[in-house]
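Structure first, commentary second.
The values are calculated or read from the model by the stated rules, or taken from the named source; none is laboratory data. Because the structure is predicted, anything quoted here is derived from the model rather than measured. FYI the Cβ positions are ideal-geometry reconstructions off the backbone, even for glycines, and counts take in every protein chain you see. The accessibility values were calculated without ligands, DNA or RNA, using every heavy atom of the protein model including side chains. Shrake-Rupley method; radii C 1.70, N 1.55, O 1.52, S 1.80 Å.
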Amino acid sequence: AKPHADGASARSSFRTRTPTRASELVDYLWNKVRGSNLNESLRFFADNIVYEDFNFAAAFVGKAQVEAFLREFDIPGISFVPERISQGDRTVAFTWRVAIAGVDGRQIRGISLYELDSKTRKLAFVRDVPEPAIRPAPLGALAAALRPGLRKL
C-alpha cells in the first residue's frame, strides 16, 4: 500500500509523531498522514528497504527506488484505505482497498505486510499483494468448492 502526494493537503492534517511499533506506524501512515505528505512517510523507510509489490516482476530495493516508485504512483483521485490492521511490534499485516474518486461498485482490495528493522525501527520490508483480477481466482474457486467455510480476502 502506497502513501502518496507531496506537501500539505486539505484532506488530512496530522500531528507529527514517531511510532516505533509496526501496527502504530501503519495506523499513523494510513489513518493520520493519509498520503498527504510523501516526505513524512519516507522518513520511516530504511535506506536499504526492500519493497515488493506483486503487480511488478522485481522488488524495489533501496529508499531511492522506493521513493521513485511512490512518486510515479501518485495518481490524483486514487487513495488506499486500510480496513483491518493486525497488532505487531516489528511486523504487521493489514488489508486495504483502493478507492477511486467518482467510481462506485467493486473496488480493488489487497493485503500488505510491513516489517521494521529491529534496531532503527524503520520499515525494512514491505510486501503488497492485491487480490486477483479474476474473481474468484482459480485456486480460490477450487478451495471454496472443497472447503466452503474458508474465508476470502
Sorted by chain and number, the residues with a modelled amide H under 5 Å from that of PHE45, at a separation of 5 or more or across chains, are LEU123
TYR28 - accessible surface, heavy atoms, 1.4 Å probe, Å² rounded to 10 | 0 Å²
Give the accessible area for PHE125 in Å² (nearest 10); use a 1.4 Å probe, count only protein heavy atoms, and leave out ligands, DNA and RNA.
-> 40 Å²
On the formula 1/(1 + (r/R0)^6), with r taken between the Cβ atoms of ALA133 and THR16 and R0 of 41 Å, the FRET efficiency rounded to 0.05 is 0.65
Going by accessible area, probe 1.4 Å, with all protein chains left in place, what is the ranking of ASP27, ASP53, ASP47, largest first?
-> ASP47, ASP27, ASP53
Note to self: with every protein chain in place and a 1.4 Å probe, the stretch 19-118 gives an accessible area per residue in Å² of 50 Å²
Taking all protein chains as present, what is the carbon and sulfur share of the accessible area of the stretch 6-93, in % to the nearest whole number, probe 1.4 Å?
-> 50 percent
